[in-house]
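Written out below as structure tokens is the structure these notes cover.
The values are calculated or read from the model by the stated rules, or taken from the named source; none is laboratory data. Because the structure is predicted, anything quoted here is derived from the model rather than measured. Methodologically, a virtual Cβ is constructed for each residue, glycine included, from the backbone with ideal geometry; neighbour enumeration extends over all protein chains shown.
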Amino acid sequence: MTNDRSEHGTGRVGQVKEVTSLTNPIIKDIRALTQKKHRDETRSFMAEGLKLVIDALDLGWKIKTLIYAKAAKGKPHVEQVAAKTFAKGGLVLEVSEKVLSAITRRDNPQMVVGIFEQRYRSLKDLKPELGETYVALDRVRDPGNLGTVIRTADAAGASGVILVGETTDPFSLETVRATMGSVFAMPVARASTEDFIRWQKSAGVKVVATHLAGAVDYRTIDYKTKPVVLLMGNEQSGLPEELAREAGALARIPQAGRADSLNLAIATGIMLFEARRHLLTLDARA
């Protein structure tokens, strides 16, 4: 593997480009990925950590740039990932720890970072089947909540996450970190409220929504006879009436103590694993 020592050219495929300056235009472009506008314009996002990069490549995600710290140079797994990046036409950068810290906004950054092309599923292409569970999130605002939901949906065997309305960016640095790599394994779709309502009516699904006015204990709901979409409301205001009235069931999670509500990610996790418990019971009987 050859090394291109120039600070400014684009670097040729098969060459590692060494970068030590924060003023390098490539580094400036990568650092701009902290801004949603730039992520949207370039359809790119950043993922940190060697394992995440390996998993993403194994799952067929398109890598645009691989960045690794000088200290990681020569490590077998890093060399393998670099070779895969070259094979896919990507750029490989060897950078100083100062540059890596600036890119990731961390004092002790991961030694490997990948820049990937964003990937959304089209809502109309989602064809839920019996035994599948999806999560739909209405106007989720918190990146940590969204990332944790994506991670939990992956762990619970869900088939996808649908973002309804104006939501936080699933490809922000904070959200991707919170997914712990599940952003690469979990299909994510976007929809307006109107599009989601039209889709759920035609998709043959049962929408189970958590709601403060929910009358049905979440444990008693039938999760088995149709594909299930768990519809979760906004962190502050919950579900709007136009979505709540379209749900097949309005569920409540009984609570004790003084707290009158649960964190969105916690509530979603409870619902996901309850649906999974019912489906596992169904599988056991089959």
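The residue list Thr34, Thr23, Thr42, Thr65 contains one member that is under 22 Å from Leu173 (Cα atoms), modelled with pLDDT of 95 or more and either basic (Lys, Arg) or surrounded by fewer than 18 Cβ atoms within 10 Å (Cβ to Cβ) (or both), which is Thr42.
Can you tell me which residues in the range 251-260 are buried (at least 16 other Cβ atoms within 10 Å of the Cβ) and either of a type in the set (Asp, Glu) or under 19 Å from Gln236 (Cβ atoms) (or both)? Listed by number, the list holds a single entry, Ile253. No other residue among Ala158, Ala153, Ala178 is under 18 Å from Lys51 (Cα atoms) and among the small types (Gly, Ala, Ser) apart from Ala178. Looking at the range 230-278 only, could you name the residues that are touching an Asp or Glu at 6+ places or on another chain (Cβ under 9 Å) and among the aliphatic types (A, V, I, L, M)? Leu231, Met232, Leu239, Leu243, Ala249, Ala251, Ile253, Leu264, Ala265 - these are the residues of the range 230-278 that are touching an Asp or Glu at 6+ places or on another chain (Cβ under 9 Å) and among the aliphatic types (A, V, I, L, M).
Here the condition is being hydroxyl-bearing (Ser, Thr, Tyr), in the same structural domain as Ser237 (by TED's automatic domain parsing) and over 22 Å from Val228 (Cβ atoms); of Thr167, Thr193, Thr148, Thr175, it holds for Thr175 alone.
Return yes when Ala136 is aliphatic (A, V, I, L, M), part of a helix (DSSP H, G or I), assigned by TED's automatic domain parsing to the domain that holds Ile197 and touching a residue at least 40 places away in the same chain (Cβ under 8 Å) and no when it is not. No: the conditions fail for Ala136.
For the range 80-90, the set of residues classified as surrounded by 15 or more Cβ atoms within 10 Å (Cβ to Cβ) and in a helix (DSSP H, G or I) consists of Val81, Ala82, Lys84, Thr85, Phe86, listed by residue number. Asn263 satisfies every condition listed in (1) farther than 18 Å from Thr168 by Cβ; (2) loosely packed, with under 15 Cβ neighbours inside 10 Å; (3) touching a residue at least 40 places away in the same chain (Cβ under 8 Å) except (1).
One residue is enough: does the range 230-237 have a residue meeting the conditions touching a helix residue (DSSP H, G or I) at 6+ places or on another chain (Cβ under 8 Å), surrounded by fewer than 20 Cβ atoms within 10 Å (Cβ to Cβ) and of a type in the set (Ser, Thr, Tyr)? No, because not a single residue in the range 230-237 is touching a helix residue (DSSP H, G or I) at 6+ places or on another chain (Cβ under 8 Å), surrounded by fewer than 20 Cβ atoms within 10 Å (Cβ to Cβ) and of a type in the set (Ser, Thr, Tyr).
Selection over the range 186-207 of residues that are in a loop (DSSP other than H, G, I, E, B), small (Gly, Ala, Ser) and surrounded by 15 or more Cβ atoms within 10 Å (Cβ to Cβ) gives a count of 1.
Within the range 52-62, the set of residues being over 18 Å from Thr175 (Cβ atoms) and assigned to a helix (DSSP H, G or I) comprises Ile54, Leu57, Asp58. Of Arg106, Arg119, all but one fail to be within 21 Å of the chain's Cα centre (by Cα) and at pLDDT 95 or above; the exception is Arg119. What number of residues within the range 40-57 satisfy the criterion of being farther than 24 Å from Ala71 by Cα and within 14 Å of the chain's Cα centre (by Cα)? Here the count works out to 1.
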